[in-house]
Amino acid sequence: LLTWLAQGLEYYGFGISKGVSAGNMAVLNWSDYLWYFAKDPDTKVILLYIEGIPEGRNFIESAYETSLKKPIVVLKTGRTKAGVRAARSHTGVMAGEDKIFQAICTQTGMIRVRTMEDAIVVSAGLVATPAPKGKRVGILTGGGGMGVMAADYCEEQGLEVAPLSSTTIGKLKEMLPPWWVPGNPVDLVAGIGYASPRQVMPILIESGDIDSLLLIGIGWAHTIPDLAKISPLKDFLDLERFDQQRKEADLRYCRIIRGMIQDYNFPILPVSTIIQQAFARNLESLVELLLSEVMVYPNIELAIRSLKAITEYHLWRRTRVG
């Protein structure tokens, strides 16, 4: 399982500083590893797979103190009767009552995930995403349907799709098409010739209306077929140059996204349906984002679950360390 998790992180361009296969913990236990990684300068996020806790009190203490310093993402199995039996036959550990473990996570600030995919994506998102100040989410999309889906899922996950102030709406009205329907999600409604996300994002970030921004649909340039090869006009127009200009523009756009995250210290979560092809197809703009520790999410649901985890962790930590 350690190998699978490491490979999953590598898939998105995120490495691991160190990995431990704990076995049956005859000498060292989870508490020892947590105390170590809490002080390890090479580790930004701790990803923990566990089946049970042999030393409850020590574990709770180490998890709490470590969470004050850096996030712990925990994938806990043995949630069902079948899982408990499997855990007992696997390592001999008693998996314990799942409701008790959930209470421990709430108390210690550990971020619990339910699947390997969530474990990978949430861990990667926590590496460098700035801390949200609250649960108010802004949604920026080029398609209305995706915005509706995101709004539904945000609310289902306990995040707030924040209303925009009249001042913010006034600024956006000056830039967006006259048929734009004011509100959050901000749907750019395919307004070619009007404002692009790079003009809209600063308005939303500076407005004070939102605490994080979900940016849906980056990497669009790589979803368009190679016109220089398939267009019936390829013998009459310099379509190779057009394709190259399109990709260069996307690279500049992704660099703007990275710059805004850094300059504003503001959580922007980009979503791209082709991010899982980025390294295999050498999609330069998306690869550069990932290698600069900006997580790009493969779908809306994973992005929102990650945002929920990031937000709740930082709010938990802020109430304890300021």
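The values are calculated or read from the model by the stated rules, or taken from the named source; none is laboratory data. This one's a predicted model, so the numbers in the text were calculated from it and none came from an experiment. Ideal geometry is used to build each Cβ from the backbone, glycine not excepted, and the neighbour counts take in all protein chains shown. For the accessible areas, the whole protein counts, side chains as well, though only heavy atoms, and no ligand, DNA or RNA atoms are used. Shrake-Rupley method; radii C 1.70, N 1.55, O 1.52, S 1.80 Å.
Among the residues examined, Ile60 does not qualify as closer than 30 Å to Gln276 by Cα and either modelled with pLDDT under 95 or not aromatic (Phe, Trp, Tyr) (or both). Checking each residue in the range 144-162 for being open to solvent by 40 Å² or more (accessible area, probe 1.4 Å) and within 21 Å of Tyr264 (Cβ to Cβ) picks out only Glu160. Residues in the range 99-143 that are assigned to a helix (DSSP H, G or I) and either open to solvent by 30 Å² or more (accessible area, probe 1.4 Å) or aromatic (Phe, Trp, Tyr) (or both): Lys99, Ile100, Phe101, Gln102, Ala103, Thr106, Gln107, Met116, Glu117, Val127, Ala128.
Helices (runs of 4 or more DSSP H) fully within the range 1-85 that include at least 3 residues being in contact (Cβ under 8 Å) with a residue 40 or more places away in the chain and at negative phi: 2-11, 56-67.
The single residue among Leu315, Leu302 that is open to solvent by less than 10 Å² (accessible area, probe 1.4 Å) and either modelled with pLDDT of 95 or more or farther than 21 Å from Leu9 by Cβ (or both) turns out to be Leu302.
Condition check: touching a helix residue (DSSP H, G or I) at 6+ places or on another chain (Cβ under 7 Å), aromatic (Phe, Trp, Tyr) and at pLDDT 95 or above. Does Phe242 satisfy that?
So Phe242 fails the test.
Contact list please: Cβ distance under 7 Å, first residue in the range 147-167 and farther than 16 Å from Ile310 by Cα, second residue of a type in the set (Val, Ile, Thr) and in a loop (DSSP other than H, G, I, E, B), pairs at least six apart or on different chains. Correct list of pairs: Ala162/Ile210. Taking the range 272-299 as the range and being among the hydrophobic types (A, V, I, L, M, F, W, C), buried (at least 16 other Cβ atoms within 10 Å of the Cβ) and assigned to a helix (DSSP H, G or I) as the test, the residues that pass are Ile275, Leu286, Val287, Leu289, Leu290. Against the numbered list (1) free of Cβ contacts under 8 Å to residues at least 24 places away in the same chain; (2) closer than 17 Å to Phe14 by Cβ, Ala309 comes up short only at (1). Just to be sure before I move on: is Leu269 part of a helix (DSSP H, G or I), modelled with pLDDT of 95 or more and surrounded by 15 or more Cβ atoms within 10 Å (Cβ to Cβ) in the structure I sent? No.
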